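Every number in this text was worked out from the coordinates using simple rules, so none of it is lab data. Since the structure is predicted, the reported quantities are computational estimates derived from the model, not experimental observations. Glycine also receives a Cβ, built like all others from the backbone with ideal geometry; neighbour counts cover every protein chain displayed.
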Amino acid sequence: MKKVYINSISSITPQKTFDNSEFLDEVIIHENQVIFAVEPKYKDYIPPAAARRMAKGIKMGVVASKLSLQEAGLEQVDAVITGTGMGCLRDSEKFLGAIINNNEQYLTPTSFIQSTHNTVGGQIALELQCKGYNFTYVHGSNSFESGLLDAKLQLELDEAQNILVGGVDELGDHTTKLNQIIHHVKEENISSLDVLSSKTKGAVFGEGASFFVLSNKKQASSYAEIISVKMYNTLAQNELSETALHFLKENSLKAEDIDAVVLGNNGDIEFDGYYNLLTSGIFSNTQQVCYKHLIGEFNTASPFGLWIASKILKTQTLPEVIKKNNIKTSSFKYILLYNMYRGENHSFTLLKSC
């Protein structure tokens, strides 16, 4: 089977990450329970007339995909695979609100048409005129990883040469309020720098879009090689360390071989125990990296972790703001990513430097 490489990366988040020449050089410190994406100038990438008809999630996805293709030096790909937890949430809320306000009569179909989960993937394909494989995964916080695994298998079997893979989710006012009512969102405003040490329930919610061009052809500019991706719907805390070690063993590695572990801690005291098991156990002597304090929690926050891991492997540098501990690491060869949300949808992704 062929090897799979990350040839380009792009991410729009509550940090200024759409400028790929930087690596968290300037960090925005948010002090809120809900944080919004820092958006590029959409008119530089999308005609204003078209942008006006697009929801925020669609615009973020389209621009992130264009930036990723631009860096890879491609005008076309063989497939577009998208992951999203909630789809085009704002249009969904708008349409449902119109149903109630208009007493189920005289409804315009625009919001309904654009509210489906596969709208982003479809819009990207239309922009590219890509008539190839186009699939959207809606698997909660494993949505992106499902797409990543799909692309990896196709590339390994040489069914495609270049695949655009991404994850996108946007914030919606009504859904955010519902999450606040059920205490999934933190009740108090909190600084980005204090999130990881928080002792309260809930997470800071965010939004964003990240896209990657994966290929079975290595370029001089490639970021990393994707060794393996594995997902678990449910996993008990007492099984986690053993599962992580087994995942590494399947790839002929041990915990000591990992140069950095990228974790999805979000400051929720109820569920960060999963991550703490790894950081205080098998990876206690490994450089630990966290990122959700900068961008918030959402179903497709984990692609930003992949963005960070890719940057680390290519630049061989690690910004202070994402360090959870301080282990002296001379170089980075293997990076393990682990993510889950509220005790479900666990994923392991293993990367290797090119």
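Ranked highest first by the average count of other Cβ atoms within 10 Å around their residues, in what order do 185-193, 168-176 fall?
168-176, 185-193
From the phi of every residue in segment 253-258, what ³J(HN,Hα) in whole Hz does the Karplus formula 6.51 cos²θ - 1.76 cosθ + 1.60 yield, where θ is phi - 60° and glycine or proline is x?
Couplings: 10, 10, 4, 5, 7, 7 Hz.
Can you compute 3J(HN,Hα) from phi for each residue in segment 85-101, using the Karplus curve 6.51 cos²θ - 1.76 cosθ + 1.60 with θ = phi - 60°, rounded to whole Hz and x for Gly and Pro?
Running phi through 6.51 cos²θ - 1.76 cosθ + 1.60 with θ = phi - 60° gives x, 10, x, 7, 4, 5, 5, 4, 5, 5, 5, 5, x, 5, 4, 5, 5 Hz.
Taking a ≥ b ≥ c as the square roots of the Cα gyration tensor eigenvalues, with a/c under 1.5 meaning rounded and otherwise prolate when a/b beats b/c, else oblate, which class fits segment 227-353?
Here segment 227-353 falls in the rounded category.
Short version: ³J(HN,Hα) in whole Hz for each residue of segment 163-177, in order, from phi by Karplus 6.51 cos²θ - 1.76 cosθ + 1.60 (θ = phi - 60°), x for Gly and Pro, what are they?
10, 8, 10, x, x, 8, 8, 10, 8, x, 4, 5, 5, 4, 4
In nm, what is the difference between 0.36 nm times the number of residues separating Gln316 and Asn103 and their Cα-Cα distance?
70.9 nm
If amide H atoms are built 1.01 Å from N in the plane of the peptide, which residues on other chains or at least 5 residues away come under 5 Å of the amide H of Ile227?
Sorted by chain and number, the residues that satisfy this are Leu350, Leu351, Lys352.
Given R₀ = 25 Å, FRET efficiency for Ile269-Ser241 by Cβ-Cβ distance, to 0.05?
Working: r = 20 Å, r/R0 = 0.81.
In this case the efficiency is close to 0.80.
Quick one: which residues, 5 or more positions from Val77 or on another chain, have an amide H under 5 Å from its amide H? H modelled 1.01 Å from N in the peptide plane, none for Pro or chain starts.
none
How much length would be gained if the chain were fully extended between Asp257 and Glu26, taking 0.36 nm per residue of separation minus their Cα-Cα distance, in nm to one decimal?
Working: separation 231, 0.36 × 231 = 83.16 nm, distance 3.11 nm.
Gain on extension, Asp257 to Glu26, equals 80.0 nm.
Mind checking which aspartates and glutamates have their C-alpha under 20 Å from Lys2, skipping anything on the same chain fewer than 8 residues away?
Qualifying aspartates and glutamates at Cα under 20 Å: Asp78, Glu145, Asp150, Glu156, Asp158, Glu159, Glu225, Glu250.
Between segment 74-99 and segment 1-54, what's the alpha-carbon centroid distance in Å?
Centre-to-centre (Cα) distance: 16 Å.
Show me the chymotrypsin sites (Phe, Trp or Tyr not before Pro) within segment 80-144 that DSSP assigns to loop and that have at most 13 other Cβ atoms within 10 Å of their Cβ.
Here the chymotrypsin sites (Phe, Trp or Tyr not before Pro) that fit, given the DSSP loop and packing criteria, are Tyr106.
Going through the cross-link list Lys3/Lys328; Lys131/Lys177; Lys230/Lys254, which pairs have a Cα-Cα distance over 27 Å in this structure?
Details: Lys3/Lys328 30 Å; Lys131/Lys177 39 Å; Lys230/Lys254 16 Å.
Pairs exceeding 27 Å: Lys3/Lys328; Lys131/Lys177.
Identify all aspartates and glutamates with a Cα-Cα distance to Lys323 below 19 Å; exclude those on the same chain that are fewer than 8 residues away in sequence.
Glu22, Asp25, Glu26, Asp194, Glu256, Asp257, Asp259, Asp268, Asp272, Glu297
May I ask what percent, to the nearest 5, of DSSP beta bridges between residues of the chain are antiparallel?
Once the DSSP bridges in the chain are tallied, antiparallel ones form about 60 percent.
At 7 Å along the Cα-to-beta-carbon direction for both Ala220 and Leu153, put a label point, then send me their distance in nm to one decimal.
Output for this residue pair reads 3.6 nm.
What residues have an amide H closer than 5 Å to that of Ser10, excluding those fewer than 5 places away on the same chain, when H is modeled at 1.01 Å from N in the peptide plane?
Under 5 Å from the amide H of Ser10 lie the amide H atoms of Phe211, each far enough along the sequence or on another chain.
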